Each structure stands twice: as C-alpha cells, then as structure tokens.
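*Asks:* Following this message is one structure expressed as structure tokens.
Just so it is clear, none of the values below were taken in a lab; they were calculated from the coordinates. Since this is a predicted model, take the numbers as computed values, not measurements.
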Amino acid sequence: MSQHDSEDRIFLRGLTIECIIGFVDWERRARQTVVIDLELPCDCERAARRDVVDDTVDYKSVAKRVLAWVQASQFHLVESLAHGLALLLLAEFPLEWVRVSVNKPGAIRHSKDVGVSIERRRSQLEASLSAPGAPGALPGR
C-alpha cells in the first residue's frame, strides 16, 4: 500500500516557534509565538515490518526544517505562513499531502488561541510551481 492509499499518519503537535507574524506595526518589530501542528501521510505498516527509518517519514528532520524555516520567515497572515510551510514540506519531503495548523496564542483577547488549518497536496505544489509568472522560490524564503 502506498502512502497515498494508506490512512496512517504521523503527527507533530505543539511545535512552538518564535517569528515575525502580523500586520500591525508592533507585530512587525517583535517576535511572537506560533504553535504548529502537522499531519503527514505514512505507511506505518511497511515501516513497522522492517523497523527502518528509511521506510517512514523522519519526523525529527521535518521538525528541524520547520523550526529553521519558520524562525527565518516573516508573514503578515497565519494563512500565508501555513500555505508556505505546506508547500515547503511537499517540495522537500516525499509526501503526497500535508495538513498544517498554525495557532497564534493570545492574538484575540478572551481566546486561548486563533489560527488556521489547511491541507495541501503534491498536485497543488506542482501546479503552483508551473503556473505562469510563478516565483521560483517558496514564500517566506
């Protein structure tokens, strides 16, 4: 069964990162906390049979890449951060799809957090890179 057919998933929850996020003046000058959750397709059965990391998604590598990329990025919207991160993961890891949630704790008074949850597929990455006038680099780079 390929990862596309499998319903198995690897998840990373609560990845906490400081970055420049927001469109208000003070937000452009001060790093804020974002919390990222990821879901990635994985054929856990194949990986379990051989017990070899090459048969699965190396979530430590994914986490390190996400941390580095988000810390170096600057976005006005959590929507843009989530979309750019999804495209990055699809471009750099052998994934058919990715689900990304970005929470911005404390952004709304009287609310625990606010954010977005998106899902992107490899076909969307390929379409966005081949679109007329598409930039060669991913957002936030």
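*Asks:* If Rh is defined by the Kirkwood formula over all Cα pairs and Rg also comes from Cα, what ratio Rg/Rh do you get for the stretch 1-72?
*Replies:* For the stretch 1-72, the value is 1.16.
*Asks:* Can you work out the Karplus-derived ³J(HN,Hα) for every residue in the stretch 36-47? Use 6.51 cos²θ - 1.76 cosθ + 1.60 with θ = phi - 60°, whole Hz, and x for glycine or proline.
*Replies:* Running phi through 6.51 cos²θ - 1.76 cosθ + 1.60 with θ = phi - 60° gives 10, 10, 10, 10, 10, x, 7, 8, 5, 5, 4, 4 Hz.
*Asks:* Residues with amide H under 5 Å of L77's amide H, sequence separation 5 or more or different chain, H placed in the peptide plane at 1.01 Å from N; which?
*Replies:* Sorted by chain and number, the residues that satisfy this are G22.
*Asks:* With runs of 4+ DSSP H residues as the only contributors, calculate the mean residue ellipticity of the chain at 222 nm using -39,500 (n - 2.57) per run, divided by the residue total and rounded to the nearest 500.
*Replies:* After summing the helix terms and dividing by the residues of the chain, the value is -10500 deg cm²/dmol.
*Asks:* Okay, next question. Determine the principal axes of the Cα atoms in the chain, then give the extent along each, sorted from largest to smallest and rounded to whole angstroms.
*Replies:* 52, 39, 22
*Asks:* Output wanted: per-residue J couplings in Hz (rounded whole) for the stretch 80-88, from phi through Karplus 6.51 cos²θ - 1.76 cosθ + 1.60, θ = phi - 60°, x for Gly and Pro.
*Replies:* Those phi angles translate into 5, 4, 4, 5, x, 5, 4, 5, 4 Hz.
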